[in-house]
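Throughout, read-outs are computed from the coordinates displayed, never taken from laboratory work. Predicted model, so just to flag it, every value in this text is computed and none were measured. Quick reminder, even Gly has a Cβ in these numbers, built from the backbone with ideal geometry, and neighbours come from all protein chains shown.
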Amino acid sequence: MVEAPTTRSLDLLELWHTARIPTITAFVAIYLIVTLRRRYLAHRAVYEPPRSPSKLEPQLSAKPDGTVLLPQKFEDTSPSNKRRKLSPTPKREPKRITGGEVRKKKIAESGESDTSVTQHNEPTNQKSIQIFVFYSSLTGSTAKYAEQFAKDLFSKPLHTPSPAPPVTDVPSAVPDSSERAVFLPPIVENLDYLDLDDYFISPASLKTPNATSVYLLLIPTYEITSPVDAFLEHLSETHHDFRIDTRPLRSLAGFSVFGLGDKEGWPNEEGRGGGIFCGQAKEADRWMSKLTGGKRVFPIGMGDVKGDATGSLAEWREHLEIALNDLANGESITESQGLDSEDEEDVAQDEGSNSKETLVDVEDIGNSIRSDSTPTTKSKKSKAPLPVDFTITSKRSSAKVKEMVPKDSPTYTALTKQGYTIVGSHSGVKLCRWTKSALRGRGSCYKYSFYGIKSHLCMETTPSLSCSNKCVFCWRHGTNPVSTTWNWTVDAPDLVLQGAMEGHYKKIKMMKGVPGIRADRFAEAFTIRHCALSLVGEPIFYPHINEFLAMLHERHISSFLVCNAQHPDQLARLKYVTQLYVSIDASNKESLRRIDRPLHRDFWERFMKCLEILRAKKDRMRTVFRLTLVKGFNIEDEVEGYADLVEKGLPAFVEVKGVTYCGTSTSVGAGLSMQNVPFYEEVCEFVRRLNEALQKRGLGYGIAAEHAHSCCILIASNDYYINNKWHTVIDYKKFFELLEKGDEFGPLDYVGPPTAEWAVWGNGGFDPADERVYRKGKNKGKVIEEAPSGEAESGCG
Ligand SMILES: Cc1cc2nc3c(=O)[nH]c(=O)nc-3n(C[C@H](O)[C@H](O)[C@H](O)COP(=O)(O)O)c2cc1C
Ligand code: SF4
């Protein structure tokens, strides 16, 4: 039996029938409103324009304070740049946030950087991007910018859209974490020491599977020859080499260049190359664009080192990070997308010429050279294939030879400001501070104490202002040209000598009015008796160095020549020198790289070869190792290494000298401070230990003399310990007689009288006939020079 419904349940049923339609409608409406609102908010969050409109505004070059400069042509013509010109209401399809972004949200909330998102352990099929930060640096500042830049990259959250809304509400359009590429920690590389073939003929090979590379280049500009030239030449040669694909770096994910330059010194912004503000960075940008087929991730940025280069670099980095993030999200730059119109023209031309070349059979090359017509079909007449020299590029052979230091160059101005007289186009002469000191009767340099050279009769000069090192202690790096090969016009040796002597005498004349000048010495000073070829640069670089030396000797001027052990061929060709020096700035490869910063990649092999050559010359002339001690660089734990080198080169003498500190911004930039200057006691201690190490090896050397005044000590071969006395002084008259006789002779044939008692080790080395003047100052026992007057011996002199 069915029970009859109660009155209450009947009421409820009636109520439901009456209200069900409005209730369901209301619920559906609320649900729709909430969902639509959430979607709207999510949409806005993704597209919220950057807080500061300037953040993505490409007109960065317009900033008056020198911050990131984007030349007009990039703004207007570069498609990649056009891509970056975001308007506040973008038109492209919205990016939507996926479930994979939960992690991103958490990290964004916790304030972690975006890179950290991508640098954890990922599945092995994970795509990744390896960023290389390449730089070149002559005086060290770009190296510092590059290191800092790599540290800062992705260290802060990006200025990209706000964190994602709740995961489940938003459908996915951005690739999930396995599709999104992760960034591997950036690798910083110095272009000056890199085997460029490994990175710039084809992209660097990467160990990580599924990885591509992005090349970021920080490039300084130098009007003078610098390592950047070699890099640009490499890019140019790669591009022009018909055996290599025209776009060999096309498989890179992208590249971008940041230039560092001095706008005050080089205000001209138009054009490329040295002499233009950031001209060489522009050149690098252009070559990279060609080699990659226009894969410019972000337009070139530029920083003025006399302005706010740090700020410009930071701003460029922020924009770049956004572009890189896009890249990681799968937004690739297609080939040619980043080519500017000029690049496109060049590429088209190159492709045109290459395609013609491919039609030419090797056998036809001879014909094509002999006749002007471009052969497009195989000639039946040509038989023997012509040899093709792959080592010569037409560009190099047709290059116009320049002057090393042109009169209108800033290098000329900088060197003359430092007191150098520039002779011809590549030589220099300068009055050494010891020459001035000797004229006033205040003491000669260590060469007087050790070898009998009167400083007021000595001329310090160099026939090559250019050098192939960038030693940290050098006074001139940053002002003197650097290069590995002689690629300038050559002045005749008689003109160089004439000019140097005139320049020297002119400076002596100017000393006439200086208080305390001794009349007898002033008169004597107009007959130069000695020439120190050690001022700055590398004298044996000069192609006519032997003729130049012969001219000195003809005038009975002795020659002391210091070389940097980087040019074995020239060293081997060197004829007689009164005393031949090799700078030994470190005892092992790493230390030498750190202190001399050589341009030659095979610097250590060159260095060792020079020691062999020196050994071979030891029976013909006096040979010397010159050690310059720099605390924190080449003293600690290196005694045994130096002893090994002495055993290899067997020099007649080892001069040990504490580095001189000049306190210029250049030396500071190179990481040198007063802390790196050893006290005289420390130099003495080093010399004692070195002497012991030589004894232990059974080598016949002893500590012979000292010149405490300039922190210099002499270790000599026992060959010069004659009749129980050191004989380190030279018989100059005898040297010239032997030369003029024309017979073979050796260093022991022109040994002079015994070393003066006051100069012998233990007696200080100051001639009592002179008046010693002590400097006031805190750093007693350290050699401090007065910069920038530059009245000092050179870093290698
Ligand atoms: C001799 C010399 C030549 C220079 N030539 C240029 C130049 O042509 N254009 C430019 O923008 N900056 C020029 N500069 C400025 C350098 O590019 C700038 O100082 C840069 O920071 C040096 O970088 P580095 O310390 O890494 O070698 C020159 C500097 C020197 C000392
Ligand atoms: S110290 Fe001498 S070898 Fe070294 S960079 Fe200067 S000039 Fe060249």
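Taken one residue at a time, the phi angles of region 295-300 give Karplus couplings (6.51, -1.76, 1.60, θ = phi - 60°) of 8, 7, 5, 8, x, 4 Hz. Gly and Pro are set to x. Label-to-label distance, E744 versus R243, with points set 7 angstrom from Cα along the beta-carbon direction: 4.4 nm.
Here E706, E524 are placed in order of increasing Cβ neighbour count within 10 Å, fewest first, which gives E524, E706. Per residue, the convex hull around the alpha carbon atoms of region 417-759 comes to 134 Å³.
Along its three principal directions, the equivalent ellipsoid of region 398-545 from the Cα gyration tensor extends over semi-axes of 29, 15, 14 Å, largest first. At an R0 of 51 angstrom, the distance between the Cβ atoms of D494 and W604 translates into a FRET efficiency of 0.85.
Would you mind checking the pairs K447/K734; K151/K295; K430/K725; K507/K609; K696/K733 and listing those with alpha carbons more than 30 angstrom apart? Check vs 30 Å cut-off fails for K430/K725; K507/K609; K696/K733. Annotation note: trypsin sites (Lys or Arg not before Pro) in region 191-287 located in DSSP loop regions with a Cβ neighbour count of at most 15 within 10 Å are K207, R243. Spread over its residues, the convex hull of the C-alpha atoms of region 469-535 is 146 Å³ per residue. Each label was represented as a point 7 Å from its Cα along the Cα-to-Cβ direction; for R38 and S155 these points are 3.9 nm apart. Per-peptide packing, taken as the mean over residues of other Cβ atoms within 10 Å, places 532-542, 642-652, 437-447 in the sequence 532-542, 437-447, 642-652 from highest down.
Determine the alpha carbon to alpha carbon distance for each of K306/K407; K144/K648; K470/K575; K436/K617 and list only those over 30 Å. Violating the 30 Å limit, Cα to Cα: K144/K648; K436/K617. Extension gain, D637 to D11: 0.36 nm times the residue separation minus the Cα-Cα distance gives 215.2 nm.
Stretching N724 away from S205 to a fully extended chain increases their span by 180.4 nm, per 0.36 nm per residue minus the current alpha-carbon distance. Rg and Dmax over the alpha-carbon atoms of region 695-758 stand at 13.9, 41 Å. Computed from label points 7 Å out along Cα-Cβ, the spacing between D408 and E233 is 2.5 nm.
Semi-axes of the equivalent ellipsoid of region 509-599 are 32, 19, 10 Å, computed as sqrt(5λ) over the eigenvalues of the C-alpha gyration tensor in descending order. Computed from backbone phi, the HN-Hα couplings of region 193-208 come to 10, 7, 7, 4, 4, 6, 10, 10, 9, 9, x, 4, 7, 10, 6, 5 Hz, rounded to whole numbers (Karplus: 6.51 cos²θ - 1.76 cosθ + 1.60, θ = phi - 60°; Gly and Pro given as x). Near the amide H of C712, within less than 5 Å, lie the amide hydrogens of H707, all on another chain or at least 5 residues away, with H placed in the peptide plane.
In sequence order, region 679-691 has phi-based couplings of 6, 4, 4, 5, 5, 4, 4, 4, 5, 4, 5, 5, 4 Hz under the Karplus curve 6.51 cos²θ - 1.76 cosθ + 1.60, θ = phi - 60°, and Gly or Pro positions carry x. Multiplying the residue separation of L699 and N763 by 0.36 nm and subtracting their alpha-carbon distance yields 20.6 nm.
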